[in-house]
Structure formats: C-alpha cells, structure tokens
Amino acid sequence: MSIALRIVASMLLALLAACATVRAPPATTFVIVRHAEKVADDSQDPALTAEGTARAQRLATALATAPLVAVYATAYRRTQQTAAPVAQAHALPITTYDARLPAAEFATLLRRTHRRGHVLVVAHSNTAPAIAAALCGCEVAPMDESEYDRRMTVQVPDNGPAVLITASMP
C-alpha cells in the first residue's frame, strides 16, 4: 500500500471515529441549584446574605448566553432572590412551585412542560438533589446544609438517556 493511500485511509478512519462519538445536542437542559447563602437568623424565611446576592449575580452571568425558557423557584425569599437576577436578565417571570411537591411529580411536570431550551430550577438543600435525580433517572449525592455551590445540569436528548453533569456554581 502506498504512503498516499495509507494517509487517506487513516484520515477516513479518523473521520469515521469522530462521527461515531458525536452526540446529538440535548433537547432540554435543566439546571438545578440550591438557593445562595442565606442570613443565619431564626426566621422561617431568611433573605440572602451579601455573599448570597453576589452568588446569584454570578449565576446570572454564567447563564447569560443560555437559551433560557423558564425559571422556577419556591415561594421562599432566598430562592426567589437567587432566581431573580437570572429571570431579569432573560426577561422571564419566576414560576413559583410548591417546595413540598414530590421530586418525581415535579420532574414529570417539568419534562412535560419543557421540551426545548434551558430551564433553571432554584431549590433547597433537601430537595435539589432529588429533583435532579428524578430528572435524570440517576443517583445524585445528598447536599449538605452548608453546600451552596453545586450546579446540577441534566441534559435530556430527544432520544436516549438523560445525562447529569455536576459542577461548582460560580
């Protein structure tokens, strides 16, 4: 086999390998976060601290170019205040959901309602992992009460299983 033929054959094999590993883009992407840092007072509905407000702004910056179609948050001030900069940046309302709604039921509602685009869900330490798990059909580690920086992204393609990507929130 000539050198030129070997080079062409190698290039064709590389091209075929690249085609085989390309995944279709997700139809819907759910971004699930816990609310940002809250004031440590004894109230049932604390506001965000200055650090929490700054984190909410950084989240808005991180999602600035995402094709966001919806923003969800519970009725608590801390979740509403975390979601507000993102919602404002995308000119979207914040859809309030019941924090007591079972994760599987809420995930079904989200998947049925949103079949395209990005959806932000601002939850709590005791609900965010369960919501992510219900959306992806996978196991998600529990969240400690002191953890504020985990961002769970669930990509749901038209065909195939959902994929969970966990990263630190800005």
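The values are calculated or read from the model by the stated rules, or taken from the named source; none is laboratory data. Note that the structure is a prediction, hence the values are computed from the model and not measured. A quick note on method: Cβ atoms are made from the backbone with ideal geometry, for glycine too, and the neighbour counts reach across all protein chains shown.
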Suppose the filter is modelled with pLDDT of 95 or more and either assigned to a loop (DSSP other than H, G, I, E, B) or out of contact with any Leu (no Cβ under 6 Å at 6 or more places or on another chain) (or both); does residue 107 pass it? no
Taking the condition of a type outside the set (A, V, I, L, M, F, W, C) and touching a His at 6+ places or on another chain (Cβ under 7 Å), does residue 114 pass? no
Considering only residues that are surrounded by 14 or more Cβ atoms within 10 Å (Cβ to Cβ), of a type in the set (A, V, I, L, M, F, W, C) and in a loop (DSSP other than H, G, I, E, B), which ones fall in the range 85-104? 92, 99, 101
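Somewhere in the range 24-32, is a residue over 20 Å from residue 131 (Cα atoms), at pLDDT below 95 and out of contact with any His (no Cβ under 8 Å at 6 or more places or on another chain)?
Yes, that holds for at least one residue.
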Take the residues in the range 105-123 that are surrounded by fewer than 20 Cβ atoms within 10 Å (Cβ to Cβ) and not basic (Lys, Arg); name whichever of them is nearest to the chain's Cα centre (by Cα). 117
Scan the range 122-139 and tell me whether some residue there is modelled with pLDDT under 95, within 19 Å of residue 47 (Cβ to Cβ) and assigned to a loop (DSSP other than H, G, I, E, B). no
Qualifying position, being part of a helix (DSSP H, G or I), in contact (Cβ under 8 Å) with a residue 12 or more places away in the chain, under 15 Å from residue 169 (Cα atoms) and within 17 Å of the chain's Cα centre (by Cα), among 82, 53: 82
Test each condition in (1) closer than 16 Å to residue 154 by Cα; (2) surrounded by 15 or more Cβ atoms within 10 Å (Cβ to Cβ) for residue 141 and report the one that comes out false. (2)
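Of 47, 60, 70, which residue is more than 18 Å from the chain's Cα centre (by Cα) and either farther than 26 Å from residue 102 by Cβ or surrounded by fewer than 21 Cβ atoms within 10 Å (Cβ to Cβ) (or both)?
47
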Given the criteria over 21 Å from residue 158 (Cβ atoms) and either of a type in the set (S, T, N, Q) or out of contact with any Cys (no Cβ under 8 Å at 6 or more places or on another chain) (or both), does residue 119 qualify? no
